[in-house]
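Below is one structure, written out as structure tokens; comments come after it.
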């Protein structure tokens, strides 16, 4: 049995000791950010209690120890996504910063007016707005691959939309709003066949499923630590070695230079070239503890656990009249994210009733306004899962949903 | 279903009257042509409100609302429409100011104008800071529309700012708050409150020179121009004023005109303590 023991994992997360509105916390908002296990919190405080020093700048013992633990985090990140080497991993604050780094360091340097960036209709604002800014500034065109009725991006649709002018295809591996999983390797191939680079937004995928950048063949992968048990303030941009080498710096300052004269500078080697200024030291150090925790769980066991719970969530929702579920009907095609609406009830009000049951769900447009417009809704309520969620959480969710319908008399005539 | 802690708050938040307003269609829609049009969004949740008003002889003859939002924001804007119809634009501004005071400063429901009596049902929302924005969206949009109209514009756009702090900071400051703050400050020599002694000559409230908040100017005197404790006393008064929420700048001015006269200025109690009969 490779069954994952979520109830046991839960004990590692101190936040579950608290109560919300008099009830045990049921946290179904991990797609927004995940809770942190003791080991990560300890690693963060341990850095500041025992090690704290600025890195790449000193020769004293603390600086040496600090550099070691932070470079270990980088190496663990590389191993976690199967990168060629730790030097392919650039420390950033989060996925948004990683994508902006590509927009500034790669696209601004290599793209010409009239050339195209291709995205999909599923994208989070963080994989849309940086390209809008670029388009405005450089005269680059922004185009999108449409999704099908279940919110899927297919390789055929991408192949129909991409053109020889497309230089970059930037798409999310898993939709934060609908949970849709993309056929990542196929989409990368569509990009490469057309002579474009492929950027994968892995914010939702990397924390939940095995990630292999070399199997995918992508040129970039962006992801955040805070969605995978690590503290907020640390994330990564993976780049293929030859692609990173040809990129300009994004931010200038300390740490990213080789030599500085008054009027000019030469750049440090990759990845340090893209890491100007002192990073979020403790967060970078604690990132390694998050990877250790996930590896101990096993990513395949974790995925199986989430898939089983997702199926249960879908069953609860499908059993209720007046409830619309968005995204793919087959749980194999989605991660642990379920978006829904209750007929006649605004998502905000849905979320408020869930909160009264101690159940945290996200409501609103999920930073995906264009997608919401396509679905003809202002927003949805969204339940998202992680390794600490249990069948009891799904039962609490079901109670919350019943209460929403009772409270707002859904189905009853006014 | 058994009641619990979360349930009673929920009942208080979603009073039946709010759900009734939410479902009521009387003022839903859009007027074309119209005299005032205002569109507002809350970028955080994506809620939208569109207000159209028709005016006749200086009064709001008709008003409609559109857009989409939660029970709280829809009920609040439905009440807005009901309250505005038949009144002048000056009435509309007064109602908006009264409603904002009720929501942000948690004023008593009795202070609400009669036309807004039903808004008392929104009192439960004040316990949920994130939802106060929902209740205010329609009203802030209205104010933006009226502001534009007063400058000759017929179309206005309102965009909410994230979180409640900017509004909360601009809370009204009252003279009572100033009195309560400096009341406990005592004259270091005779150990009687400076307020009882009559040493406070006056106070002014103005907007701060920079940023959000208020500037308070307090004029006071000393028991004698040569009082050796003067600087210490002024510092205490300054400190007490600066601690009032929303106060950004403090001026304490000394005045010896008129010269302090306990017989005329001090309270009866202070006179007793001073041995003045």
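Let's see how each residue does on (1) out of contact with any helix residue (DSSP H, G or I) (no Cβ under 7 Å at 6 or more places or on another chain); (2) over 17 Å from residue B:195 (Cβ atoms):
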position: B:222; (1), (2): no, no
position: B:225; (1), (2): yes, yes
position: B:229; (1), (2): yes, no
position: B:241; (1), (2): no, no
position: B:252; (1), (2): no, no
position: B:255; (1), (2): yes, no
position: B:267; (1), (2): no, no
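Within this structure, residue A:276 passes the test of being out of contact with any helix residue (DSSP H, G or I) (no Cβ under 6 Å at 6 or more places or on another chain), at pLDDT below 95 and over 30 Å from residue A:149 (Cα atoms).
May I ask you to say which residue of B:38, B:78 is assigned to a strand (DSSP E or B) and under 25 Å from the mean Cα position of the chain (by Cα)?
Just one listed residue meets the conditions, B:38.
Among the candidates A:180, A:269, A:161, single out the residue that is surrounded by fewer than 16 Cβ atoms within 10 Å (Cβ to Cβ) and assigned by TED's automatic domain parsing to the domain that holds residue A:126.
Details: A:180 fails: surrounded by fewer than 16 Cβ atoms within 10 Å (Cβ to Cβ); A:161 fails: surrounded by fewer than 16 Cβ atoms within 10 Å (Cβ to Cβ).
After ruling out the rest, the residue left standing is A:269.
Contact map, the range A:174-199: first residue free of Cβ contacts under 8 Å to residues at least 60 places away in the same chain, second residue part of a helix (DSSP H, G or I) and buried (at least 22 other Cβ atoms within 10 Å of the Cβ), Cβ cut-off under 6 Å, separation 6 or more or different chains; pairs are A:187/A:158; A:190/A:158; A:198/A:188; A:198/A:191.
Exactly one residue out of A:277, A:327, A:358 is surrounded by fewer than 16 Cβ atoms within 10 Å (Cβ to Cβ) and at positive phi: that is A:277. Residues that are under 23 Å from residue A:328 (Cβ atoms), assigned to a helix (DSSP H, G or I) and within 17 Å of the chain's Cα centre (by Cα) within the range A:183-215 comprise just one, A:184.
Quick check, is residue B:48 closer than 30 Å to residue A:19 by Cβ and either in a loop (DSSP other than H, G, I, E, B) or at the interface with another protein chain (Cβ under 9 Å from one of its Cβ atoms) (or both)? Working first, answer last.
Values: closer than 30 Å to residue A:19 by Cβ: no; either in a loop (DSSP other than H, G, I, E, B) or at the interface with another protein chain (Cβ under 9 Å from one of its Cβ atoms) (or both): yes.
Considered against the rule, which asks whether it is closer than 30 Å to residue A:19 by Cβ and either in a loop (DSSP other than H, G, I, E, B) or at the interface with another protein chain (Cβ under 9 Å from one of its Cβ atoms) (or both), residue B:48 comes out as no.
Yes or no: residue B:119 under 16 Å from residue B:84 (Cβ atoms) and touching a helix residue (DSSP H, G or I) at 6+ places or on another chain (Cβ under 7 Å)? Taking the combined requirement at face value, the residue satisfies it. Residues of the range A:227-242 that are in a helix (DSSP H, G or I) and either crowded, with 19+ Cβ neighbours inside 10 Å or over 23 Å from the mean Cα position of the chain (by Cα) (or both): A:242 alone. Taken over the range A:318-336, the residue count meeting the criterion of being in a helix (DSSP H, G or I) and either modelled with pLDDT of 95 or more or assigned by TED's automatic domain parsing to the domain that holds residue A:172 (or both) is 0. Being crowded, with 20+ Cβ neighbours inside 10 Å, modelled with pLDDT of 95 or more and touching a helix residue (DSSP H, G or I) at 6+ places or on another chain (Cβ under 8 Å) is a condition met by at least one residue of the range A:245-264. Taking the criterion of being out of contact with any helix residue (DSSP H, G or I) (no Cβ under 8 Å at 6 or more places or on another chain) and more than 24 Å from residue A:121 (Cβ to Cβ), the only residue of the range A:350-376 that qualifies is A:351.
Selection within the range B:13-28: residues that are assigned to a loop (DSSP other than H, G, I, E, B) and crowded, with 20+ Cβ neighbours inside 10 Å. The member of this set that is nearest to the other protein chains (Cβ to nearest Cβ) is B:14.
Restricting to the range A:347-393, count the residues that are more than 23 Å from residue A:6 (Cβ to Cβ) and within 13 Å of another protein chain (Cβ to nearest Cβ).
Looking only at the range A:347-393, we keep the residues that are more than 23 Å from residue A:6 (Cβ to Cβ), and these are A:347-353, A:356, A:363-380.
Checking which are within 13 Å of another protein chain (Cβ to nearest Cβ) leaves us with A:347-353, A:356, A:363-373, A:375-380.
So the count comes out to 25.
Table: residues versus (1) surrounded by fewer than 16 Cβ atoms within 10 Å (Cβ to Cβ); (2) in contact with a strand residue (DSSP E or B) (Cβ under 7 Å, 6 or more places away or on another chain); (3) modelled with pLDDT under 90; (4) not in a loop (DSSP other than H, G, I, E, B).
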{"residue": "B:11", "(1), (2), (3), (4)": "yes, no, yes, yes"}
{"residue": "B:65", "(1), (2), (3), (4)": "no, yes, no, yes"}
{"residue": "B:94", "(1), (2), (3), (4)": "yes, no, no, yes"}
{"residue": "B:100", "(1), (2), (3), (4)": "no, no, no, yes"}
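One residue stands out among those in the range A:111-127 that are touching a strand residue (DSSP E or B) at 6+ places or on another chain (Cβ under 7 Å) and not in a loop (DSSP other than H, G, I, E, B): the one that is nearest to residue A:91 (Cα to Cα), which is A:127. Looking across the range A:395-412, the residues that are surrounded by fewer than 21 Cβ atoms within 10 Å (Cβ to Cβ) and either closer than 30 Å to residue A:120 by Cβ or within 11 Å of chain B (Cβ to nearest Cβ) (or both) come down to A:399, A:402, A:403, A:406, A:407, A:409.
Annotation: residue A:341 fulfils all but one of (1) in a helix (DSSP H, G or I); (2) within 14 Å of chain B (Cβ to nearest Cβ); the unmet one is (1). Within the range B:64-81, the set of residues being more than 13 Å from every other protein chain (Cβ to nearest Cβ), without any contact (Cβ under 8 Å) to a residue 60 or more places away in the chain and touching a helix residue (DSSP H, G or I) at 6+ places or on another chain (Cβ under 8 Å) comprises B:64, B:78, B:79. Is at least one residue of the range A:397-407 modelled with pLDDT of 95 or more, in a helix (DSSP H, G or I) and closer than 28 Å to residue A:182 by Cβ? Yes - at least one qualifying residue is present in the range A:397-407. Taking (1) within 19 Å of residue A:225 (Cβ to Cβ); (2) at pLDDT 95 or above; (3) surrounded by fewer than 24 Cβ atoms within 10 Å (Cβ to Cβ) in turn, residue A:286 satisfies each apart from (3).
The criterion of at least 3 residues that are out of contact with any helix residue (DSSP H, G or I) (no Cβ under 8 Å at 6 or more places or on another chain) and over 26 Å from residue A:239 (Cα atoms) is met, among helices (runs of 4 or more DSSP H) falling completely within the range A:1-104, by A:61-80.
Conditions (1) crowded, with 23+ Cβ neighbours inside 10 Å; (2) more than 29 Å from residue A:409 (Cα to Cα); (3) out of contact with any helix residue (DSSP H, G or I) (no Cβ under 6 Å at 6 or more places or on another chain), marked per residue:
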residue	(1), (2), (3)
B:30	no, no, yes
B:38	yes, yes, no
B:56	no, yes, yes
B:59	no, yes, yes
B:83	yes, no, no
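The values are calculated or read from the model by the stated rules, or taken from the named source; none is laboratory data. Computed from a predicted model, the values in this text were never measured in an experiment. Cβ atoms come from the backbone with ideal geometry, glycine included; neighbour counts cover every protein chain shown.
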